[in-house]
Each structure stands twice: as C-alpha cells, then as structure tokens.
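What follows is a single structure, written as structure tokens, with notes after it.
The values are calculated or read from the model by the stated rules, or taken from the named source; none is laboratory data. What you see is a predicted model, and the numbers here were worked out from it, not measured in a lab. So basically every Cβ, Gly included, is an ideal-geometry build from the backbone, and we count neighbours across all protein chains shown.
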Amino acid sequence: MEIIRPGINIDLVGKMKIAFVASLVAIILSVLSLLLHGGPNLGIDFAGGTQVQIKFSQETTAEGIRDSLQTIGLGNSIIQRFGYHANNEFLIKTEKSSSALEGLSNKMAEALEVSYGKENFEIRRVEVVGPKVGKDLRQKGLLAMLYAVIGILIYVTWRFELRYAVGAIAALIHDVVITVGVFSLLGKEFTLPIIAALLTIIGYSLNDTIVVYDRIRENIKGARKQPLPEVVNSSINQVLSRTVLTSVTTLLVVLALFFLGGAVIHDFAFALLVGILVGTYSSVFVASPTVLVWETISPSKEKRKQ
Amino acid sequence: MSEKNIKARAIVTFVIVAAALFFLMPSITQNLPSIWKDNTDKIHLGLDLQGGMHLVLEVETGKAIESSMERISNDLKEVLMERRIRFRHLDREEGIFTTLELASREEHAQFEKVLKNEFPSLEIKSTEIVDGREKVWLKINDKQIEAIEKFAVEQSLETIRNRVDEFGVSEPEIIPQGKDRILIQLPGIKDPQRAINLIGKTALLEFKLLDEEHSLDEAVAGKVPDGDIIAYGYKIESQTGRRVKIPYLIKRKTLLTGEALEDAKVTISNRFGEPYVSLKFDSQGARDFDRITAQNVKKRLAIVLDGVVHSAPVIQERISGGNAQITGSFTMEEAHDLAIVLRAGALPAPVRILEQRTVGPSLGQDSIDKGILSIIVGSILVILFMVLYYNLSGIVADIALFLNIILIMGALAAFRATLTLPGIAGIVLTIGMAVDANVLIFERIREELRLGKSPRASIAGGYSKALSTIVDANVTTLIAALVLFQFGTGPVKGFAVTLSIGIVCSMFTAIFVTRILYDYFVWDRNIKKISI
C-alpha cells in the first residue's frame, strides 16, 4: 500500500508564500489570544494555589458546590467539570494555599460533608502548591525550554550548518507559539505536564525537520549545478512519504491516549495532538523555506566557491 | 555479513530480551525463587499511579535561631547575676538579638570577659548610648548560626523519620532538599491529613510554673511583669459545649522539656474511660522533676504543648517516680498521635508546607487501567497499520515493536525507575515514534528497489543510508528528554525517563534487530522480491 506515490513532485516551495501567510495568521492569532487573556492560563503548578478533584456519587452541579463552599469563604473558587459528564467529577481551584498544617482541602471536605453527606463524595486528588514552589517551577519550566533550544541549536549547527539550525529553531518557535496559542484560545491550563508535552513536540518537530534536512544535504552533494529551491523541493517530496507516515502512526497512538487515557492526561494528549500536526507542517513549510531565504541573503560556502 | 554473524547477532538479541524479561518477572507474579527476590523488584509505581502523598516542608530555621537565643539569653542573665555584674533591661529584640544596658566601663570589661569565656557563640553586634548608659546589642555569630540551621534540618529529618516509622507506611521516602527543605513521599497512605498533622506538629513540650503572685487581669490588659508571658489554653464550656480560650500568666523560664522524656504511652483512665497520655522521664529528667515538684508544692505547673497551655494542675506533693500525665479531652486517635510525637521527639523548629500532592488510591488505579488500555489500543492500531502498509516487512516492524515494549519495561524495572502516568504516555508515544525508524529504513529500501538494485543490495543500502538520519533525529528528541529529566519533578521526570529509554530501545530494535530478521530471510535464499 502506498499513500504517497513515488516520484511525486508537488511544488511545495512554490506554495511558500501561502504557507507563510497561513503561519503568520496563526501566530498572530495566538499572540493576540495570549495578550487578551493576560498571558497563558497558568495552572497551580506555576501560579500557586490549591486544587481538589472530587467525585460525587450523584448528579451534582457547580452551583451546588459553590453554595457549599461559600460557607467557608471559598465561594470564589473556580469550579469545573472534570472528564465526562457521567463521571460527576469536579475540579475546585483556588489561588489560596495555606502553609499551615490544617489545609484548605480539609476545610473544603468539612463544608461538603455538611451539604452532601460524607458518603456521597470522594476526594480523588489534592494538590497544594505554595507560592515559593510555584515560582520555582515557573523558573524551571522556562529554563528547561531555554536549555533544550540551546542544546538543539548547538547540535544541529554541528551536524549541518548554522542556517539549518536557524531554520530548525524557527520551526520550533512556530510550533510552540501556535500550540500555546491554541491552548490560550480554548482556555486550557498550563501545568507541568504541558511543559513536558511542549518539549516533546520540540523533539518531535525536530525529528521531522532533520529528516528533511538530511535529504537536502544528500541531494545538494549530488547536484551542485541545480538551484537550491529545486533541490529543496525534490528533497521534501522524496521524504514526504515517510513524513506523512510517521505523523500517521504517532497520531494514531496520541489519539488512543486522547480518547482512552482518562481526564488526568487529557490535556497533555491534546497538546501532543496539536503539536504533532503543526510540527509536521512546519518541517515542510517553515524550516526548509527558512533555509532558502537565508541562502538568498547569505549564500552558503559551497555556493560561494562556485 | 555471513551466516555466523546472523547467529551471533540473534544470540545477542536473545540475551538482551531474556535479561529484560528477567527483570520484568516480579511485576507479573509474586511466586518466584530467591534469585529473583534478591536482585529485582516490581516496577516502581509513582504516587499518581499508586496513590499516596508527596509533601515538601520548609524548616523555619529562623525560629530555631530564636529559640537558641532565648536559651542563651536566659543563661546569660543567670551568669551575670552570679558574677554580680550590674546590668539593666536584659531583653530580646527582633527575636534574634539580646540587648542589655551596662552602667560603666568596668561593667563592660567584666561583661566582655564573661562573653569571651563562657558564651563564645555570642558576639557584640553594636553598642549605642541611651540615656547615658551603654546599650549593647548581642547576636549569635555567623558560624554558630550556620551550625544551628544545619542541625535544625538534620534533627527535623531524624524526628520526622521516627514519626513516620511509627505511623507504619511501607516504603516512605524522607529526603533533604536544598538548604532547608524536606521532601516526604508516603505511598499508599490512607489518611493524609492525619499524616500531615503527625509530621508537621512541632510537639514542643514545656513545663513552666504559673505566676500566681501577679494579677492575671492586669497582665492581660497589657502590663506583663518582667520574666512572664501570657499563654492561652482551651476549655470546653460545660453549658454551651463551646471551646473558649483561657489566658494564663506563666513564668517564662522553662523548667523541663519533652527532651527529658523516655517514653509516652496512651492509657485509659479508670474513672471515665477517657484516654490520657502517661509520661515517663529518663533518669536525669526524673531527678529534675523530683526537684521541681519538691520546691513548688501547692503551686501550679503549666504543661505547655507548642505554646498552648494544655493543663495547669496543682503540684500536690513531691513526685519522685519520674512519672506524669497529660490529661484532657482526647479522642483515642489524638492521644495515640500525641504519644507518637512525644516519643519521637520535638521538631527543633516549626515546619511549613510548601507543596502537597495527594492522590487517592481509586484515582491511582483508574489511571493505571486507562494507561494500560491506551498502550494496548495504541499498539494494536500501529501494528495493524504497519502490516497494511508494508505487508510482511510490516510484520518485521511489528516484531521489533513488541520486543521494544518488553525492553522498555524491563529497563524500567532494572534501573528501578519510577513509572508515572505521564511515563505511560511516554511509552505510548514511543510506540508511535519507534516505527519511525523502521519507516525511514523501509522507505529507503523501497527507493533502492525502485532504482533496480537487488533485494540484498537494497536492504544493505536502505539500512546504511537511513542510519545517520535515524541517529540525528533521535538524538534531538533525546536532548529534549534529558533537559526534561534535569528540570522536571515527579510525574514529569517519569515521562522523561520512559521517553529516553524508549528512544534508545527503539533505535536498538529498529537498527539491530530487524536487520537480523531481514538478513536471515534474504541471505541464503535467492529472493527476487521483498514483501515491502
């Protein structure tokens, strides 16, 4: 079976302009969304706070829970449904976190006991992150992204050339910004696992990009007379089959995670989903065109020799 | 490449897979001979899969310094009075300084002598002239401060370990983090709040005398006599059943602390069947208690726990047996927990909770179930797809995939790595990305075939040309995974671990193992066509 027929030769480079516009629009929308919402929606991992996941044995509403929490002054908490409706699971979030031993989650449990009765709910998970730790994790998260990008820049420059590395980084930034933008548009939260997802997307997008670069490098060696855009285009077409395939297999498993993995891992799977789609797109339409544009601005050593 | 080579490579593969299975056995069954039990262990599950509590505490070392200063300043006062060195207004200021006023140069010289000889840990921070008298500010020197802080953390660790021991959690983890933090992991804990109370309670037990000479009301109004403090206790009002705060005027000096205890036990009172905690002092403590009670018969002794007056009974007579009791309205559980903390000892400084994450066991089990389901369904989808797309070669890739999963799980068990929910996601992801290496190789083989090369040559060409691409692509993902490992905590670290292991294993199976299969099927026979 073959999805992409051999000898295919779509003029992808020609479509560069359209792709550029599409990417630009996506990035602008992402940035706008972030600005409108005052930055990414930080979960308690980064903003500090208390988060409690509670499962009720019967149909409940957020308003009912809110009334119950009103009695202990937590009426302003964010109360969301968690997972499928039938689960009757809710997530209660508040910015306050108490460093005292008698935690907020306990007070919440007491208030809910009064309203619902002890047997009718179960506290499944409690997370309390004090401001110090929140700040710590914020720093760690940013540093992780920074070091990953630097490490990759060094590696790609070493294996290829600087302009390839720049193209790779451009694709990466593109992918991360758009993924973050989608999260922002949909109001999804940023937690530590999401940072993990972003780093994975970075790694995966790079995977893709390098496969294309590898082919370009191989073809350049063999075709010194050919203009670079042609070489790039044919290279991309040659690896198109593999690019599409790997995306398909990876998407298959991520979809399995997305639908079957449960509510806790749901947002993580969603981030991967978006990232893989955008990452595949960027390897073709962002990384390689960047190499081309760089080439016209400052031709590579080989071309200069000619 | 020759036939021998195929055999050798096949054996290497077999050994590696067997090793992986060896390490995996404990996770599958418990009935194993000792060779297994001694060297291997079940796959270690993270708290998000097992259920349990993760706690990060901060030791308030500042308070430890304050209490040291309190002790030292009391001692200093006594020594100065003994030596008849005149001073006025020996006070503590800002918690960590002691100030006093000296009358003349003579006093100052004598004072410095006392400091040098008997209080080496104190040093003069500054002096100022106030109303014609010299006011000296004393502080604890930096080296000593460092020592106190370090000791406070070490002792907190030790005390918490003792307390957790008594609580009976299997495989607890209590490790220092940074300069003044403690990380505690309690897998499988059923009552997290009780554990937190047990761990975090300072449990400083102090015996102090009540000041019955001065007026309590005046003190509450604001005029606290020199050397006294006001402390509060609680009482249940018999009529309304409410808890009310009662003030006590007690002498600041601590006569005896919980350190002098040898044992603390829960006992049921004969009279009302109420539990109380009976204390037994060690030999020095018993002697001290004997002396204190003998000197203060008919006076009231306040039993203060963490600054709260628990009770203030009258000393009826001299107590020489070294036994005492703490009574009050306890539940059985409260009494039990109090006995535990008294036995384990007081924390040298209070602790604050910086981070707490608790996962209930039901959610943990849920996550495991869903994780395994994702792995199975994801694998099936990929396996089917590969066969559909690459025919028999697809089956080769699938065998590699299957071995991959075994190797990953085996590596996790062998390295005692922790499997978390994101870690399971990492395995699922690896399944999807692992076939990538195979895809790269197969696409190359197809290309070589199209160029008209023989099957053998196409296979060789495909593998060699794809190799550098595979390495490059995987190294970059590996870099991302390693950075994550470095900066991530808990579940995220677990993800980095499985991702890294997955990448390495998938490279191995794709490059090494599948090649063996190909070579075996293609080498000896003159195959005209490869099913790919």
Quick check on A:VAL248: is it under 21 Å from B:ARG446 (Cα atoms), within 12 Å of another protein chain (Cβ to nearest Cβ), in a helix (DSSP H, G or I) and at pLDDT 85 or above? yes
Tell me the residue from B:ILE268, B:ILE236 that is out of contact with any helix residue (DSSP H, G or I) (no Cβ under 6 Å at 6 or more places or on another chain), in contact (Cβ under 8 Å) with a residue 12 or more places away in the chain and not basic (Lys, Arg), please. B:ILE236
Within the set of pairs 6+ apart or on separate chains, which have a first residue in the range B:103-130 that is touching a residue at least 40 places away in the same chain (Cβ under 8 Å) and among the aliphatic types (A, V, I, L, M), a second that is surrounded by 11 or more Cβ atoms within 10 Å (Cβ to Cβ) and in a strand (DSSP E or B), and C-beta atoms under 6 Å apart? B:LEU122/B:LEU138
Among the residues in the range B:485-501, are any within 11 Å of another protein chain (Cβ to nearest Cβ), at pLDDT below 80, closer than 21 Å to B:ASN391 by Cβ and not in a helix (DSSP H, G or I)? no
Hey, A:LYS221 outside any helix (DSSP H, G or I) and of a type outside the set (Val, Ile, Thr) or not: no
Taking the range A:62-88 on its own, how many of its residues are of a type outside the set (A, V, I, L, M, F, W, C) and under 16 Å from A:VAL114 (Cα atoms)? 9
Which one of the conditions (1) in a helix (DSSP H, G or I); (2) under 30 Å from B:ASN141 (Cβ atoms) does B:ALA19 fail to meet, given that it meets all the rest? (2)
Read through the list (1) modelled with pLDDT of 90 or more; (2) within 21 Å of B:MET81 (Cβ to Cβ), then give the number of the only condition that B:ILE182 fails. (2)
Test set (1) touching a residue at least 40 places away in the same chain (Cβ under 8 Å); (2) under 22 Å from B:HIS54 (Cα atoms); (3) among the aliphatic types (A, V, I, L, M); (4) in contact with a helix residue (DSSP H, G or I) (Cβ under 6 Å, 6 or more places away or on another chain) - B:ILE196 fails condition number: (4)
Would you pick out the residues in the range B:42-69 that are in contact with a Gly (Cβ under 9 Å, 6 or more places away or on another chain) and either of a type in the set (Ser, Thr, Tyr) or in a helix (DSSP H, G or I) (or both)? B:LEU47, B:ASP48, B:LEU49, B:GLN50, B:GLY62, B:LYS63, B:ILE65, B:GLU66, B:MET69
So how many residues does the range A:113-140 have that are at the interface with chain B (Cβ under 7 Å from one of its Cβ atoms) and out of contact with any Lys or Arg (no Cβ under 9 Å at 6 or more places or on another chain)? 3
Quick check on B:VAL439: is it facing chain A (nearest Cβ under 8 Å), farther than 30 Å from B:PRO361 by Cα and among the aliphatic types (A, V, I, L, M)? yes
Can you name the number of the only condition in (1) under 19 Å from B:TYR390 (Cβ atoms); (2) more than 12 Å from chain A (Cβ to nearest Cβ); (3) modelled with pLDDT of 85 or more that B:ALA466 fails? (2)
Apart from one, (1) at the interface with chain B (Cβ under 9 Å from one of its Cβ atoms); (2) more than 18 Å from B:ALA480 (Cβ to Cβ) all hold for A:MET145; the odd one out is (2)
Those residues of the range A:97-112 which are without any contact (Cβ under 8 Å) to a residue 40 or more places away in the chain and more than 7 Å from chain B (Cβ to nearest Cβ) amount to A:ALA100, A:GLU102, A:LYS107, A:ALA109, A:GLU110
B:LYS245 of a type in the set (Lys, Arg) and closer than 28 Å to B:ALA344 by Cβ: no
Where B:SER362 falls short, out of the listed (1) assigned to a loop (DSSP other than H, G, I, E, B); (2) surrounded by fewer than 15 Cβ atoms within 10 Å (Cβ to Cβ); (3) in contact (Cβ under 8 Å) with a residue 60 or more places away in the chain: (1)
Could you check the range B:83-115 and list, in sequence order, the residues that are more than 16 Å from B:GLU134 (Cβ to Cβ) and under 41 Å from the mean Cα position of the chain (by Cα)? B:ARG92, B:GLU94, B:GLY95, B:ILE96
Residue within the range A:47-65 that is at pLDDT below 85 and touching a Ser or Thr at 6+ places or on another chain (Cβ under 6 Å) present: no
Please determine whether any residue of the range B:484-492 is among the aliphatic types (A, V, I, L, M) and either free of Cβ contacts under 8 Å to residues at least 12 places away in the same chain or surrounded by fewer than 24 Cβ atoms within 10 Å (Cβ to Cβ) (or both). no
The strands (runs of 3 or more DSSP E) lying wholly within the range A:1-96 that contain at least 2 residues that are touching a residue at least 40 places away in the same chain (Cβ under 8 Å), within 14 Å of chain B (Cβ to nearest Cβ) and over 30 Å from B:ARG446 (Cα atoms) are A:49-56, A:89-94
Any residue that is of a type outside the set (Gly, Ala, Ser) and under 20 Å from A:SER105 (Cβ atoms) - is there at least one of those in the range B:169-176? yes
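Does B:ARG357 qualify as being among the basic types (Lys, Arg), under 30 Å from A:SER105 (Cα atoms) and within 14 Å of chain A (Cβ to nearest Cβ)?
yes
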Can you pull out the residues in the range B:222-235 that are in a strand (DSSP E or B) and either loosely packed, with under 12 Cβ neighbours inside 10 Å or at pLDDT 80 or above (or both)? B:ASP228, B:ILE229, B:ILE230, B:ALA231, B:TYR232, B:GLY233, B:TYR234
Only one of (1) crowded, with 20+ Cβ neighbours inside 10 Å; (2) more than 10 Å from chain B (Cβ to nearest Cβ); (3) not basic (Lys, Arg) does not apply to A:VAL254, and that is (2)
Can you spot a residue in the range B:34-41 that is of a type in the set (Gly, Ala, Ser), surrounded by fewer than 15 Cβ atoms within 10 Å (Cβ to Cβ) and in a helix (DSSP H, G or I)? yes
